[in-house]
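Here is the structure we will look at, set down as structure tokens.
The values are calculated or read from the model by the stated rules, or taken from the named source; none is laboratory data. As the structure is a prediction and not an experimental result, all values here were calculated from the model. As a convention, Cβ positions derive from the backbone with ideal geometry for all residues, glycine included, and neighbour counts pool all protein chains shown.
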Amino acid sequence: LDDLLGEGVSGRRVLVRADLNVPFDKQNPGVISDDGRARAVLPTLIALRDAGARVIVMSHLGRPKGAPDPKFTLAPVATRLGELLGSPVVFASDTVGPDAAAKAGALEDGEVLLLENLRFNQGETSKDDAVRAAFAGELAKFADFYVDDAFGAVHRKHASVHDVPAILPHYAGGLVIKEVDVLKKVTEHPEQPYVVVLGGSKVSDKLAVIKALLPKVDKLLVGGGMCFTFLKAQGHEVGKSLLEDEMVATCRDLLSEAQGRIVLPVDVVAATEFSADADSVTVPASEIPADRLGLDIGPESVALFAGAIGGAKTVFWNGPMGVFELAPFAAGTRGVAEAITKIDGFSVVGGGDSAAAVRTLGLDETAFGHISTGGGASLEYLEGKTLPGIEALEK
Ligand code: 3PG
């Protein structure tokens, strides 16, 4: 981005890929519950705006199916972005249609336009290279330059991430550069002891990263919905808890390969149903009643995990320990997050959900070494995969 700013962008049109895939309040539709991702891209947008560029921002939101869907409109995000920037953001009600074309054409120097959700167009996520390239061509028509500052989406081979930079002169935004620098440090030279904390609902989503990290870590602490498949693999009954039956054998293999380095919860908060009002009790992880489901790790597990975290020089954390959005099941995530803030070392919070947990639980963001905006992207980086968005920028 500094190179682009150095060339001078006043009066030039710059297409910025941002990751404005922000979470919304489940009780209040249209209300953004965590605007961290929008804040993270502000320095890039402000630098371009203040340099007199005509800034066209594009993003996805959620996973609509290639057609307009009001549930996934970026309109509320345009309003929020305008508030954060302190200057209005023009919103186009389509992505490459007549409204976007008219508004992109009418932009004045220093104005910012947000296009409607990229994923309202099949060309964005198509597996067909020609279909994606055609859509990328339509986006590229709007601008002279392309800046990718959507770290959270660099692992997607999508038109706005992978194909637009093949057409326009392209630059990495400051967020992408910072994220890659930090993750590179953690991947290549983690200071030992290195402890990884994984949560979230599915083992299958995390299998590749578990396999890639096992040889490198001193301890891998597993909480969240995925711990129940591991507990089952240890021979415990897990009641109505989340379970991936087809992954039990794989978890058994991982546990034996890890030789004690995978640490599981020893107690869980088990509820009668998935609800904040449900009756809940803390039980040993080996004694989850048949009619209950685990929705958080218990206090003994928090103490166990905090002990392992306390001795670490490097901690990477991805995925909540429980259903932190519901107050009765937030203590596990809070306890583990607090332990991470206290280490005498470097910590990275990887991911949409864990980063949102830090902010919604009101934890001190500055107490973490780095809070990544990328969930899947940071995991795929740690796995050592080639990220299509980074590869496209390097070409
Ligand atoms: C994320 O939330 O991790 C990014 O915004 C990417 O979203 P996606 O998983 O729907 O591609």
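Yes/no matrix, rows are residues, columns are (1) touching a strand residue (DSSP E or B) at 6+ places or on another chain (Cβ under 6 Å); (2) outside any loop (DSSP other than H, G, I, E, B); (3) surrounded by 18 or more Cβ atoms within 10 Å (Cβ to Cβ); (4) not assigned by TED's automatic domain parsing to the domain that holds H158:
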residue	(1), (2), (3), (4)
I340	yes, yes, yes, yes
A355	yes, yes, yes, yes
G362	no, no, no, yes
T366	no, yes, no, yes
T373	no, no, yes, yes
L393	yes, yes, yes, yes
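The condition (being in contact with a Phe, Trp or Tyr (Cβ under 6 Å, 6 or more places away or on another chain), closer than 20 Å to T386 by Cβ and in contact (Cβ under 8 Å) with a residue 60 or more places away in the chain) is satisfied by just one residue among V176, V180: V176.
Considering the range 157-176, the residues that are within 13 Å of the ligand (Cβ to nearest atom) and in a loop (DSSP other than H, G, I, E, B) include one that is surrounded by the most Cβ atoms within 10 Å (Cβ to Cβ), namely H158.
If you check D353, D364 for being at pLDDT below 95, among the acidic types (D, E) and within 16 Å of the ligand (Cβ to nearest atom), only one passes: D353.
Residues in the range 49-68 that are buried (at least 21 other Cβ atoms within 10 Å of the Cβ), within 24 Å of the chain's Cα centre (by Cα) and part of a loop (DSSP other than H, G, I, E, B): S59, H60, L61. On the stretch given as the range 1-48, residues that are outside any helix (DSSP H, G or I), within 24 Å of L139 (Cβ to Cβ) and charged (D, E, K, R) total 4.
Suppose we keep only residues that are in contact with a Lys or Arg (Cβ under 8 Å, 6 or more places away or on another chain) and either hydroxyl-bearing (S, T, Y) or over 27 Å from S10 (Cβ atoms) (or both) within the range 133-156. Which one would you say is surrounded by the fewest Cβ atoms within 10 Å (Cβ to Cβ)? Top of the filtered list is H155. Being within 16 Å of the ligand (Cβ to nearest atom), of a type in the set (S, T, Y) and out of contact with any strand residue (DSSP E or B) (no Cβ under 8 Å at 6 or more places or on another chain) is a property that S93 lacks.
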